[in-house]
Amino acid sequence: MGNSTVETPDLSLMAEALRREPPDSELNYLNAERGLWSWLTTVDHKRIGVLYIISILFMFFLGGMAAIVLRIELLTPERTIMSADTYNKAFTLHGAIMTFLVLVPSIPATLENFVLPLMLGAKDVAFPRMNLASWYCYIVGALVMMASLIFGGIDTGWTLYTPYSTETSGGVGLVLVGAFIVGFSSIFTGLNFIATIHKLRAPGLSWFKMPLFVWGMYATSLIQVLATPVLGITLLLLLMEKVLNVGVFDPALGGDPVLFQHFFWFYSHPVVYIMILPAMAIMSEVIPVFSRKTIFGYKAIAFSSMAIAGVGFIVWGHHMFVSGQSSLAATVFSFITFLVAIPSGIKVFNWLATMYRGSISFEAPMLYAISFLLLFAIGGLTGLFLGSLAVDVHLHDTYFVVAHFHYVMMGGSLMAFIAGLHYWWPKMFGRMYSEKWAAIACGLIFVGFNATFLTQFLMGARGMPRRYYNYLEEFQPMHVFSTVGSWFVLAGFLVMLTYLIASLRKKKADAPGNPWGARTLDWEETSSPPIAHNFHHTPVVTHGPYDFYPQESGR
Amino acid sequence: MKWFRSIMMPPRGSEYAGQVDDTYFLIFWISTAFFFLVAGLTAYFAIKYRRRPGNDGPTPNITHHGGLEAAWTLLPVIPLMLIFVWGFHDFVDARVAPGNALEIKVVAKKWLWAFEYPSGVRAINEIHVPAGRPIRMVMISEDVIHSFFVPTFRIKQDVLPNRYTDLWFEADELGEHVLFCTEYCGKGHSDMMGKITVDSPADFDEWLETGGDLGKDLPPAEFGKILFRIRGCYTCHSLDGSVVEGPSFKGSFGTERKLKGGGTVVMDENYILESLMKPQAKIVTGYPSTMSTFQGLLKEREINALIAMIKELK
């Protein structure tokens, strides 16, 4: 054979590899190298994932505290603890942090970064240095955005609508530059993962043997790569308008403010799918593993991810039914919006069918997954109200919308992130957390979340506008109820923080390689935590990712 | 179910509001049914198939079911299209104003609503309209985007700075309705509220003729305090010495004020009048020049009342 010479193993390289083989099983990616510098210069996808987790949890804490402060201000119809100006800056901070710095990167940059190569049987992502660059883009962008606080913060709302954002003072320019840089971290991540999924699958891992997590993340990566540049362009145009007085969006300079809304939502609607597709992807792992049953409708779930990614690009106008866009455009956008409901519904039914005749256990990941299922159902169904033209005209820019997107973003995306974090926590750090406290935290968050946001549906339908510092007295009881609910959510997260830190403080790694009995490579073929280069030998995939049925031969 | 509707939605001010409510509750019941289907199945499966002795072994390999999958892909299309068509139908009604509508021009600015009737009568924040007659608002903004929202009529439309937008309603009962701004517009956003009073046609004609004789029985300074509230002065000025956006009026009358760019001016009747008509002419130093003119928006006796109020604030 012509290439037999190529196959001849290079003995010196092999000897080198043997020397590097860990002397004992204690050595893993966490302790293979030591020191802060080894972390800041790492190109190991697992370490970059951990860096992302730390930075995103910190940002989540900031954004969360802003939310708690906002809810306290809303305890009374007039001033409670802060001025109108501070309130406006606080809700802008909350929104900008939670979307750009928490939800968009949450699942892709943390869990997927960590898990994707493990699931594919690869040593790392396709472009490890680009992966590290993405984290630095995130950090630099986040710092630039936060620097705007030194210049008095910004009061535009995270949506940055023109001409208000062109005219207002403060650090809007810094936020634009920061979001622009963070955008690159998102693009790098997306590109990297697309290449990784195409090129680095282990032998035997054909497209339809991939775990559904990978399918969901593939769809997400496509959106990240295609939609984020539009945001970048929009932010640049807005910056040019502010700094150079080039009229694009500001009517005073001959621009059109509604054009900004089109550009903004052309990114910011797909971004909703950047947040929710990874959440659905996690669900498609957790549900079958904890039901110990084959996923129902594998291909339907995979294709519905792609369908959502595609249709998600042509519904942006449903944010603009009352903006002054043409009635015909509004009608078309409304129609297409209802089509998105179908693939989302398919997934929910598939997860339910997976539970049917399963053997269901209720560890923390499953508890959060079930919370997701119920909260996402409410979030999705209330979307029907907002997709309907005349009903949306009444509900637009009221608390109904606020409640709807919190159900989708927090009840959906964030709950799934937490489910995934609990699911892969033993893999990441080799330590189990307290199941009892995890259940208590989940209960607190679930109850508190519903108290906070179910109330807001009612308030919104009754006409309470969003972004209101003062409000009519008739809304006070509901605002108070909502605020008290937010304290339960806070308590739940504090409990979670405590037991997760407690698990890290355990001296000895106590997590088995595969504590949940999953069938994917990340669990079956790696130790907890994994060694620095993931696998001792390239794994060969011999069975499907959800094969929990009786096997005829072998395992 | 009337009580349920009255909890879920604000009172109805028009026939159209009832139409929107019907669509709202159509969606409400469809989604409630669907939610309980999902939640019920989740709970049922979670209990019935929980892991326990006797149910902890391998599970059946059910990979797909063509009929079931076709059903849950295609069947939801029916309620979805029903919701779309109903919402569209109402939307068309809301977008097309009847030809005989009374047309009111609306100018929105930070942070007040200015109205002008065809007869030339003007009003700020508080207007009267006749019952049983379609009213069409033709709106434009002087600064940023605002949005005109009357929950009891279930109508809303953004107000843009560079072109006219419109909406219409027909109130069917006498009473008062709250008007909100629902596009975020800065510090005074949540105070940018108005009141629409629905009169009988006869009362409305009278109001239009007298131009709204609000405060005719009050001493000027008391009337001034009401105007201070309803004309939106309070979004920037205060009566108690605190600084909101512009200078406070407390103890200001007769004092000498330093001006931006040098010079001084005495706070007297003429300076107050000038500040209302040409607010950019003389800016007190240390404050932003954000105020817009009230030229043509205040009547003689209203200006007098405001001056009288400021005079009395020691």
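Only the coordinates and a few stated rules stand behind these numbers; no lab work does. Small disclaimer: the values here were computed from a predicted structure and weren't measured. Note that each Cβ is placed from the backbone with ideal geometry, even for glycine, and that neighbours are counted across all protein chains shown.
In table form, for the structure just shown:
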{"item": "Acute angle (nearest 10 degrees) that the helix A:45-73 long axis makes with the longest principal axis of chain A, alpha-carbon atoms", "result": "30 degrees"}
{"item": "Cβ-based charge dipole, chain A, positive-most Cα from A:Q476, A:N450, A:A66", "result": "A:N450"}
{"item": "Listed residue (A:T196, A:M130, A:P163) projecting farthest to the positive dipole end of chain A, Cβ model", "result": "A:T196"}
{"item": "Spatially proximal aspartates and glutamates relative to A:K199 (Cα-Cα < 13 Å; intrachain offsets below 8 disregarded)", "result": "A:D124"}
{"item": "Kyte-Doolittle mean at least 1.0 and Cα axial length at least 24 Å: DSSP H helices in chain B", "result": "B:77-95"}
{"item": "With Cα atoms, 0 to 90° folded angle of helix A:298-311 axis to chain A main axis", "result": "40 degrees"}
{"item": "Size of electric dipole in segment B:102-210: Cβ of Lys, Arg +1 and of Asp, Glu -1, about Cα centre, debye, nearest 20", "result": "540 debye"}
{"item": "Antiparallel %, DSSP beta bridges [both residues in the protein assembly as shown], to 5", "result": "70 percent"}
{"item": "Whole-Å distance, taken between Cα centres, linking segment B:1-75 and segment A:390-456", "result": "19 Å"}
{"item": "Pair A:H543, A:Y136: separation of 7 Å Cα→Cβ label points (nm)", "result": "4.4 nm"}
{"item": "Sequence-distant residues sharing a close amide H with B:V284 (under 5 Å, placed H)", "result": "B:K260"}
{"item": "Cβ-defined net charge surrounding A:S326, 15 Å radius [Lys, Arg +1; Asp, Glu -1]", "result": "-1"}
{"item": "11 Å cut-off, amide nitrogen to a point 7 angstrom out along A:E167 Cα→Cβ, residues in segment B:160-174", "result": "B:161-162"}
{"item": "Proxy reagent accessibility, fewest Cβ within 10 Å first, across B:I310, B:I104", "result": "B:I104, B:I310"}
{"item": "Which listed pairs, of A:K123/A:K506; A:K89/B:K109; A:K89/B:K195; A:K46/A:K347; B:K195/B:K311; A:K299/A:K427, have C-alpha distances above 25 Å, in listed order", "result": "A:K123/A:K506; A:K89/B:K195; A:K46/A:K347; B:K195/B:K311; A:K299/A:K427"}
{"item": "Phi to ³J(HN,Hα) by Karplus 6.51 cos²θ - 1.76 cosθ + 1.60 over segment A:110-121, Hz, x for Gly, Pro", "result": "9, 5, 5, 3, 6, 8, 3, x, 5, 5, 8, x"}
{"item": "Degrees separating the helix A:11-20 axis from the principal Cα axis of chain A, which is the longest one", "result": "60 degrees"}
{"item": "Candidate aspartates and glutamates for bridging to A:K508, where Cα separation is under 17 Å - those fewer than 8 sequence places away on the same chain excluded", "result": "A:D24, A:E26"}
{"item": "For segment A:408-463: rounded, prolate or oblate by the Cα gyration tensor [a/c cutoff 1.5]", "result": "oblate"}
{"item": "222 nm mean residue ellipticity, helices alone, for the protein assembly as shown (DSSP H n ≥ 4; -39,500 (n - 2.57); rounded to 500)", "result": "-17500 deg cm²/dmol"}
{"item": "Charged-residue dipole, Cβ positions (Lys, Arg, Asp, Glu), the protein assembly as shown about Cα centre, Debye nearest 20", "result": "2400 debye"}
{"item": "Ascending count of other beta-carbon atoms within 10 Å, so fewest first, for A:V214, A:V332, A:V315", "result": "A:V332, A:V315, A:V214"}
